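Contents: one structure, followed by commentary.
The values are calculated or read from the model by the stated rules, or taken from the named source; none is laboratory data. Predicted, not measured: the structure shown is a model, and the values here were computed from it. Every residue, glycine as well, gets a Cβ built from its backbone with ideal geometry; the counts of neighbours run over all protein chains shown. Heavy atoms of the whole protein, side chains included, go into the accessibility calculation; ligands, DNA and RNA do not. Shrake-Rupley method; radii C 1.70, N 1.55, O 1.52, S 1.80 Å.
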Amino acid sequence: MKDQEMDLHFMQMALELASRATISTSPNPKVGCVIVKDKVVIGEGWTQPVGQAHAEVQALRDAAKRGADTRGATAYVTLEPCSHFGRTPPCANALIDAGVLRVVAAIQDANPQVAGRGLGLLREAGISVECGLLAAQAREMNVGFFKRMATGQPWVRMKVAASLDGKTALPNGQSQWITATEARQDGHHWRGRADAILTGIGTVLADDPQMNVRGFELPRQPLKFVLDSHLRLPASAKLLLDGATTVVCANADLSRRDLLQKNGVEVVCMPDRDGRVDLNQLMLELGRREINELHVEAGATLNGALIAQGCVDELLVYLAPKLLGSGAGLFDLPVFSRIDQSVGMTFHEVTQVGETLRILARFI
C-alpha cells in the first residue's frame, strides 16, 4: 500500500470510529483517532461522554493495553488535537508525551481556544504535522459544532413527514401514520443525535407528543423546548413525563409560570417587538447552552416562521408513496408573486428507507 493510500485508509478508519460517538459527546465534537506503527494499528479511540477522555487519549490507552510502544508512531485524528485545559487536559500534550513522531489531522478545530494552537504545539515539539485529509467528511460529521463555533447558534434540522402531494395530515387532523415503521424508526435515530428537540404549542395541544427518543438505548435524552407564547402548555402533557423541558414564551402569565415551574419546567420569556417569541434570540440562547444540533418537529406555522427568519439549515423530509388530497401542508410561508422570490435549496442526500423516501435538503 502506497503512503497516500495508507493515510487515506487510516483516516477513514478514524472517521468510522468518530461515528461511534454520534449520540454521546456533545457539546464536544465527535472525534476518532487511530495510532499506527510500522503500518500496523496499535491503538484506536473515539471521544467519550463529556468530561471523559478524548479520542487521542483513548487511543493511547488502547495502545498501552495492547502492550504497544507508541514512540515513533503516527496518529490519525479527525480533528486537530486540543491544546487547552478544559474538562480534560490537552490532547496535543498527550501525543507529545507518548513519543508520536507524526500526526495527520483531518481538519483544524473551529474552537477559538484551539484554532491551530494544537497543531502548533505538535510542530514545536518536533512532530511532523499534516492537516486537511478528508476535511469535508470530518466537518460534516460535526456540522453543528462547526456552526456553533462560527455563529454562536446550533445547526437546525427540521423534520417533516408528508405524503407525495405534500400533506402532513388530513383535514380532520389525523396524521398517524403517514410514513411506515422503518421511516419512523429512522426519525428516532435523527432525534437521538440532536442535543435538543423543538416543537410548538400547537403541535402539543393537537397531538400530545412525547418528544423523546424511543426504540433504542442512548446515554441521554435530548432536551425539550416548547414555543408557547401565552403559556398554554397543560401540566398533563406527555412530554413532561421524562427529560428536561423548557418553555419559551412571549407573555409570562405569573400564575401559569408558577404552575409549570412546580412541575419542573423551566420558563424563559423572550418576546420580540410583535409580541411573539424572538426566534433569532432563541437560537443564540441555544448556542449559549452549548447545543450543537437542534431537531425541529413542529406544525406548518412554526415551520414557516423559522424558515422565513433564516433559522433553519436543513430539512429532513420523509415522503410516503401516497396521496392525501386536501389537508395540512408543510410550511406556512409568505405568498410569493415571482418564482425568484422562492426559497432556494440543494439536495444533500436522497435515500429510500423502507417504502419511504428520505430527503436531506439544505438552504442555499
When (1) part of a helix (DSSP H, G or I); (2) buried (at least 20 other Cβ atoms within 10 Å of the Cβ) are applied to Leu324, the one that fails is (1)
Conditions (1) crowded, with 16+ Cβ neighbours inside 10 Å; (2) at negative phi -> Leu254 fails only (1)
Counted residues in region 100-159 being among the small types (Gly, Ala, Ser), surrounded by fewer than 23 Cβ atoms within 10 Å (Cβ to Cβ) and without any contact (Cβ under 8 Å) to a residue 40 or more places away in the chain come to 9
When region 307-318 is checked residue by residue, the ones that are at pLDDT 95 or above and either among the aliphatic types (A, V, I, L, M) or not in a loop (DSSP other than H, G, I, E, B) (or both) are Ile307, Val312, Glu314, Leu315, Leu316, Val317, Tyr318
Over region 311-364, the set of residues among the hydroxyl-bearing types (Ser, Thr, Tyr) and under 16 Å from Val296 (Cβ atoms) is Tyr318
Filter region 301-321 for residues that are more than 22 Å from Phe347 (Cβ to Cβ) and touching a residue at least 60 places away in the same chain (Cβ under 8 Å); the one that is most open to solvent (accessible area, probe 1.4 Å) is Thr301
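For region 206-219, what are the residues that are touching a residue at least 12 places away in the same chain (Cβ under 8 Å) and closer than 17 Å to Gln48 by Cα? It would help to see each step written out before you state the result.
Here is the first cut: in region 206-219, the residues touching a residue at least 12 places away in the same chain (Cβ under 8 Å) are 206-216, 218-219.
Scanning region 206-219 gives Leu218, Pro219.
Every residue, every condition in (1) surrounded by 16 or more Cβ atoms within 10 Å (Cβ to Cβ); (2) on the phi > 0 side of the Ramachandran plot; (3) assigned to a helix (DSSP H, G or I), yes or no:
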site: Leu205; (1), (2), (3): no, no, yes
site: Met211; (1), (2), (3): yes, yes, no
site: Leu233; (1), (2), (3): yes, no, no
site: Leu259; (1), (2), (3): yes, no, yes
site: Val267; (1), (2), (3): yes, no, no
Exception for Phe336 within (1) under 30 Å from Ser24 (Cβ atoms); (2) more than 19 Å from the chain's Cα centre (by Cα) falls at (1)
Contact list, first residue from region 52-70 and on the phi > 0 side of the Ramachandran plot, second anywhere and open to solvent by 40 Å² or more (accessible area, probe 1.4 Å) and not in a helix (DSSP H, G or I), beta-carbon distance below 9 Å, six or more apart or interchain, is none
Picked from region 3-38 (must be among the basic types (Lys, Arg) and part of a loop (DSSP other than H, G, I, E, B)), the residue modelled with the lowest pLDDT is Arg20
If we ask which residues in region 16-51 are touching a residue at least 24 places away in the same chain (Cβ under 8 Å), open to solvent by 10 Å² or more (accessible area, probe 1.4 Å) and more than 25 Å from Gly99 (Cβ to Cβ), their number turns out to be 13
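For residues that are of a type in the set (A, V, I, L, M) and touching an Asp or Glu at 6+ places or on another chain (Cβ under 9 Å), scanning just region 130-160, find the one that is farthest from Arg362 (Cα to Cα). First the steps, then the outcome.
In the first step, residues of region 130-160 are kept if they are of a type in the set (A, V, I, L, M); the result is 133-136, 138, 141, 143, 149-150, 156, 158, 160.
Next, from what is left, pick out any that are touching an Asp or Glu at 6+ places or on another chain (Cβ under 9 Å): 133, 143, 149, 156, 158, 160.
Details: Leu133: 24, Val143: 12, Met149: 19, Val156: 10, Met158: 10, Val160: 14 Å.
Selected residue: Leu133.
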- Please indicate, with yes or no, whether at least one residue in region 85-99 is closer than 19 Å to Phe145 by Cβ, more than 23 Å from the chain's Cα centre (by Cα) and crowded, with 23+ Cβ neighbours inside 10 Å. yes
Looking across region 331-364 at residues that are under 20 Å from Ser163 (Cβ atoms) and not in a strand (DSSP E or B), the single one that is least open to solvent (accessible area, probe 1.4 Å) is Gly354
